[in-house]
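The values are calculated or read from the model by the stated rules, or taken from the named source; none is laboratory data. From a predicted model like this one, the values you see are computed outputs, not experimental measurements. Cβ placement follows ideal geometry from the backbone for every residue including glycine, while neighbour counts extend to all protein chains displayed. With ligands, DNA and RNA removed, areas are computed over all heavy atoms of the protein, side chains included. Shrake-Rupley method; radii C 1.70, N 1.55, O 1.52, S 1.80 Å.
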Amino acid sequence: MARRPVRVSLDEALWDAVEAAARARGIAPYLFVEEALTAALGPSETVARLAELSEAAALSAREARASAAEMRDQIQVISDFIVDLYRAEVQASDDAGAA
């Protein structure tokens, strides 16, 4: 992740609270703010990633359905061929028996 320095204005009371919390944790105030922002934004990034995964899963499901339909059509063609071949053999056998 690229880093770039950004300056923002904070209320003095808020900054005092940040400094106190950072001091209690033994870290620099800017690191405390960075951790807090990362923790706050983490769930939205997770939701975005889940949306991407859901989209990919939906695409895979559509491809699987299309593949299954194609396979079903191929099986139907093969089974029709086998039935036609069997009927032709039965007819030939009947014709040979009648002659």
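Here is how the numbers come out for the structure above:
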{"quantity": "Residue check, residue 12 surrounded by 10 or more Cβ atoms within 10 Å (Cβ to Cβ) and of a type outside the set (Phe, Trp, Tyr)", "calculated": "no"}
{"quantity": "Hits in region 18-35 - residues which are surrounded by 13 or more Cβ atoms within 10 Å (Cβ to Cβ) and either at positive phi or assigned to a helix (DSSP H, G or I) (or both)", "calculated": "18, 19, 21, 22, 29, 32, 33, 34, 35"}
{"quantity": "Where a residue in region 31-50 is under 16 Å from residue 19 (Cβ atoms) and its partner, wherever it lies, is of a type outside the set (Gly, Ala, Ser) and open to solvent by 70 Å² or more (accessible area, probe 1.4 Å), with Cβ under 7 Å and at least six apart", "calculated": "32/25"}
